[in-house]
Amino acid sequence: MNGRTLTLYSDLEAVYRPQRVWAEGRAISLVVAHFLSGAGAGGWLLGLLFDQRLVLALSLASVVLGGFIHLGFLGKPARAWKMMMRPQSSWISRGLWSMIVFMPTAALYLAGAYGAWGTRSAFAIVMLVLSLAGMAGIFLYKGFVYAVARAVPLWNSPLLPVSYIAVGLKGGAALSLVGFAFVSSAAPGTAMQTWWLASAGSMIFLFLLELAMGRNDETVSRSLSVLRGGELAWLFFLGVVLIGLIVPGVLIIVSYSTSIGMAGLLIAGVTSLIGDLAYKYSMNSAGTYVPLVSFSPAPHAQGRT
Amino acid sequence: MRYGMVIDLKRCISCYACQVACKSENATPPGVLYAWAFRMEQGEYPNTRQVYLPMLCNHCDEPSCVDVCPTGATYKRDEDGIVVIDADKCVGCRACMTACPYHARYYLDEIRGYYPGQGLTPYEEAGYGKHSEGTVEKCNFCLDRVGNGQEPACVANCPAEARIFGDLDDPDSEVSRLIRRDAGFQLLVELGNDPSVYYLPAERPAKESR
């Protein structure tokens, strides 16, 4: 019997079964894909707000790369087009439509921004509006695709989609900082740092709110205990908190009073992005299925702790 | 018509015949269990007992797996309420697996034999033809058997006659009668899926036999 089968049998005997299908093995490509497209959508918004073509290009590349990496997760990638068939009920379907709308329209708008037909023409404005619609769809689907899973109470929260929008905006701000680091002539000003702080603050606030709302749900408590002191604690505290929030947060706060230079911007952006990726992975891995039956098991049957 | 199953926990003797019969009928590769059993100990020593809960796809009336499927590969049949997967449409996104609270679905990453290093047995070669790598699989209430007027394999092979299969929409069917008489219950009813698999409690007063 191989390791995967043994894990399966162990899971089948656990009261609190860990969610593994979107967390382990090739599922890492799903996490990376969701992270990249979320950050790309956030970066597109901020690139437009700050009129930064390089940020727009990075954001588009991020979404496109995310889309391709997503294909690597599918069992039958050649059939990916079939995922367009159920937008009436499936958030994955809606997400794919959003990507399909976003990628070409964003590329055409960007081509205009680089001089092909400008950004003020009717065509460019139509492309801009469509790309914004696609961006909004990408923002929304990312959270809802998890939030609809009633079997996994950690995800099945009305806060999760909002929380993932905040993560997307934080990722976008981080992507923008990376972009600014490569354009030495451009100074990001304090507005970009404020965007990062606001989105990071929202992400923290929403996570804490989710903690508070879920404290009476035993399954959510189990999930959170995996993040707090279980097998994912090192990733959560090192990756999400230290690398993703504290390091860039300190750099950004310092940058209000003194210049942190392009290297500082780059470090803040990259560490923030690493933290976002760690957050996505942590949330996916901490997902735990609702127990089949509600009664007190013997201690050794508790499943993952 | 809505096919459903009743599992009598008082009759079940935890023999795993259902699991073996299912594997034999469907030739499922290692790591795929359309029928499985949730087993756990309840209570504290010395007052403990083993709880055994045979599981399978619950063929829900409001299946959350159907809503999340982006391709329509998973659907509920109008004629009998059986939830099935069209392997030709499945892209292997596994959204249905996150949506199903009953651990009824399995992703078939690769088809492996039961005897590593020795290739597939003739039985495996013959049986694995109906499985498709890179897709999700699950119990379909032995659709072929039911279509031929037979019971699902797990029902037909239960030596304790703990499994009963029938039409939940028919108030006079045996399944409906047993659910009414013995207070049949569904698992995780609070999630709103309205499963078509009912359990009869293990602890209940003795009544006339079926």
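The values are calculated or read from the model by the stated rules, or taken from the named source; none is laboratory data. Just so it is clear, the model here is predicted, and its values are computed rather than measured. Heads up, the Cβs are rebuilt from the backbone with ideal geometry, glycines too, and the neighbour counts pull from every protein chain shown.
Details
- Candidate set from the range B:38-70 (those that are among the β-branched types (Val, Ile, Thr) and touching a helix residue (DSSP H, G or I) at 6+ places or on another chain (Cβ under 9 Å)); member that is farthest from the other protein chains (Cβ to nearest Cβ): B:Val66
- Among the residues making up the range B:15-37, a single one is touching a strand residue (DSSP E or B) at 6+ places or on another chain (Cβ under 7 Å) and away from every other protein chain (no Cβ under 13 Å): B:Cys18.
- Residues of the range A:71-100 satisfying the condition of being surrounded by 17 or more Cβ atoms within 10 Å (Cβ to Cβ) and closer than 13 Å to A:Val148 by Cβ: A:Arg86, A:Ser90, A:Trp91, A:Ile92, A:Ser93, A:Arg94, A:Gly95
- Only one of A:Gly137, A:Gly75, A:Gly143, A:Gly95 that is touching a strand residue (DSSP E or B) at 6+ places or on another chain (Cβ under 6 Å) and within 30 Å of B:Gly192 (Cα to Cα): A:Gly75
- Test: residue in the range B:121-128 that is over 30 Å from A:Gly143 (Cβ atoms), modelled with pLDDT under 95, surrounded by 13 or more Cβ atoms within 10 Å (Cβ to Cβ) and within 14 Å of chain A (Cβ to nearest Cβ): no
- Those helices (runs of 4 or more DSSP H) lying entirely in the range B:83-189 with at least 1 residues under 14 Å from the mean Cα position of the chain (by Cα) and in contact (Cβ under 8 Å) with a residue 12 or more places away in the chain: B:143-147, B:153-156
- Which listed residue, of B:Arg204, B:Arg177, is out of contact with any strand residue (DSSP E or B) (no Cβ under 7 Å at 6 or more places or on another chain), surrounded by 13 or more Cβ atoms within 10 Å (Cβ to Cβ), more than 28 Å from B:Cys96 (Cβ to Cβ) and at pLDDT 95 or above: B:Arg177
- Restricting the range B:91-112 to residues that are of a type in the set (A, V, I, L, M, F, W, C) and at the interface with another protein chain (Cβ under 7 Å from one of its Cβ atoms), the residue that is farthest from B:Leu188 (Cα to Cα): B:Val91
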